[in-house]
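Take a look at the structure set out below.
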Amino acid sequence: MNKGLVRPMRTEDLEAIMEIEHTSFSTPWSLQAFVAELKDNEYAQYRCLELDGRVIGYMGLWFILDEGHITNIAISPDYRGQRWGEFLMRSVMNEMVNLGMDRMTLEVRVSNYPAQDLYRRIGFSTAGVRKGYYADTGEDALIMWAELGRSDDR
């Protein structure tokens, strides 16, 4: 595997981010939503995964006290199934430990088994269900949590 680079997202990355967003989600975030997160949300931290100078993925988090809430994560369809999502998540989790974070959480569609498998592989466990969480379909979301800094394989 080529070495990927995880770095802070910049506004000049948004064209590539929007392409990935639109190919990844049935209800994609708007460009304005990403701009607002980057410029106006003091709790937001967004990271890009770059490979050979090209943005192939991204992850957004809100850092609140000692917890991180993953707002979104996506990998370009051309790079899925190659463990880049795991690479991105483990990199960000390590960064969070270094910043003093203790736990992180996310929501995932109950039908998104590949994502759930990834999250479990890196230490997340299901803590509950948000009924009708996804407005586009009314689908439920699993609430998953991970304790940080407790696994030697990160």
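The values are calculated or read from the model by the stated rules, or taken from the named source; none is laboratory data. Quick caveat, the model's predicted, so the values are computed rather than measured. With ideal geometry, Cβ positions are generated from the backbone for all residues, glycine too; neighbour counts draw on all protein chains shown.
Tabulated results
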{"item": "Condition met for residue 9 (in contact with a helix residue (DSSP H, G or I) (Cβ under 7 Å, 6 or more places away or on another chain), under 24 Å from residue 135 (Cβ atoms), surrounded by 15 or more Cβ atoms within 10 Å (Cβ to Cβ) and not charged (D, E, K, R))", "result": "no"}
{"item": "From 115, 44, residue being surrounded by 14 or more Cβ atoms within 10 Å (Cβ to Cβ) and touching a Phe, Trp or Tyr at 6+ places or on another chain (Cβ under 9 Å)", "result": "44"}
{"item": "Filter pass, residue 26 being farther than 29 Å from residue 132 by Cα, touching a residue at least 60 places away in the same chain (Cβ under 8 Å) and of a type in the set (S, T, N, Q)", "result": "no"}
{"item": "Condition check for residue 66: surrounded by fewer than 16 Cβ atoms within 10 Å (Cβ to Cβ) and closer than 19 Å to residue 103 by Cα", "result": "yes"}
{"item": "Every residue from the range 56-91 that is hydrophobic (A, V, I, L, M, F, W, C) and more than 15 Å from residue 145 (Cα to Cα)", "result": "56, 59, 65, 73, 74, 75, 84, 87, 88"}
{"item": "Among (1) touching a residue at least 24 places away in the same chain (Cβ under 8 Å); (2) part of a strand (DSSP E or B); (3) not hydroxyl-bearing (Ser, Thr, Tyr), the one test that residue 62 misses", "result": "(1)"}
{"item": "Test: residue 76 is farther than 22 Å from residue 20 by Cβ, at pLDDT 95 or above and among the small types (Gly, Ala, Ser)", "result": "no"}
{"item": "Among (1) over 22 Å from residue 143 (Cβ atoms); (2) part of a helix (DSSP H, G or I); (3) not small (Gly, Ala, Ser), the one test that residue 6 misses", "result": "(2)"}
{"item": "Answer residue from the range 35-65, given it is among the aromatic types (Phe, Trp, Tyr) and out of contact with any Gly (no Cβ under 8 Å at 6 or more places or on another chain) and is nearest to residue 139 (Cα to Cα) among those", "result": "58"}
{"item": "Qualifying positions in the range 96-154 - assigned to a strand (DSSP E or B) and over 22 Å from residue 65 (Cα atoms)", "result": "108, 109, 129, 130, 141, 142"}
